[in-house]
1. Here are some values of Rg/Rh (Cα atoms, Kirkwood Rh): (i) 0.99; (ii) 1.04; (iii) 0.94. Which one was computed from this structure?
2. Cβ under 14 Å from G97's Cβ, G97 left aside: what net charge do those residues give with Lys, Arg +1 and Asp, Glu -1?
3. How far is it, in nm, from the label point at I162 to the one at E38 when both lie 7 Å from their Cα along the line to the Cβ?
4. Any idea how far the Cα center of the range 131-151 sits from the one of the range 211-231, in Å?
5. What shape does the range 122-257 have by the C-alpha gyration tensor, where a ≥ b ≥ c are the square roots of the eigenvalues, rounded means a/c under 1.5, and otherwise prolate means a/b greater than b/c and oblate the rest?
6. Magnitude of the Cβ-charge dipole of the range 47-161, K/R +1 and D/E -1, about the Cα centre, nearest 20 debye?
7. Please give the net charge around V57, taking every other residue with its beta carbon less than 13 angstrom from that of V57, where Lys and Arg add +1 and Asp and Glu add -1.
8. Label the range 47-161 by shape, choosing from rounded, prolate and oblate, from the square roots a ≥ b ≥ c of the eigenvalues of the Cα gyration tensor; if a/c is under 1.5 it is rounded, and otherwise prolate applies when a/b is larger than b/c, oblate when it is not.
Amino acid sequence: MTAETPARPTNRGHNTLQRSIAWYLRQLSKMMNVLSDEELERLIPLLTERRFKPRQVLFQAGDPAERVFLILKGRIKIYQVAENGKEIILDVVGKGGVVGDMAIVEDGERIACAQAIDETVAASISWEDFSHLLHSSPRLGFAMAELMARRLVGMQRTFMNIVSKPVSARLADTLLNRQENGFIELGLTHQELAQTIGTSRETVTALLSRFVTLGAITPAGDGYHVGDEDLLDDIANGDVPVSPRHPANPQAAAATG
């Protein structure tokens, strides 16, 4: 794949190269696993490599859908801009994820913005070719419907949390959703984390410090270990309020629990 031309391999080693790319795509993305060998062989020549610098915009809300992106490296944030100009991050898509597919629910118009967080490499396909592939592969269509349903549920949850939960509960809920086997890998700066829950960077930094003091989480490398999942659950449910403006009180939290 190149940045300017579709990935059309030469005749020499054609089959071997096709199999290598197909194997890589299947290892990279669960979605590619639903495609048959024949469908992947038809897809590969349609892909174009695209590279994005940090903060480079892929598309804006309201833009016509032109391309869909399979992320090979880096991260893309999907966000909307509120009337007051603040960004609300709806999703962060990393390696193996798909960006640009949600336009299908709005008749080909972008419903959100997309911007690279890191140096990002993506395999891009035109919206026309992608739509044709969806119609010709029921399994891919079903997989995409599942993906979009999960994203819509996630967006709804984000907005409901912002409307109905205090900021400490929103942060705790986000941490719990990102934890796996007791480890929370943030993968986001405090500013980006703030944009996912509708608050300020200073508030996120202060609350994380409070959570550590309470023993709900403990710092570990690029993230946190869950120190007390029950307490973090209570904070996420709003049963244990935590203020970003006042020092945390472990004794009060324990009594509340």
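Quick note: the coordinates plus some simple rules give every number you see, no bench work behind them. Source: prediction; values computed, not measured. Neighbour counts run over all protein chains shown; Cβ positions are idealised from the backbone, glycine included.
1. The listed entry that was calculated here is (ii).
2. Details: positive: K30, K73, R75, K77, K95, R150, R151; negative: D91, D101, D118, E146.
The answer is +3.
3. Here the modelled spin labels are 4.6 nm apart.
4. After rounding, the separation between the Cα centres reads 38 Å.
5. prolate
6. 540 debye
7. +3
8. Oblate, because a/c is 1.5 or more while a/b does not exceed b/c.
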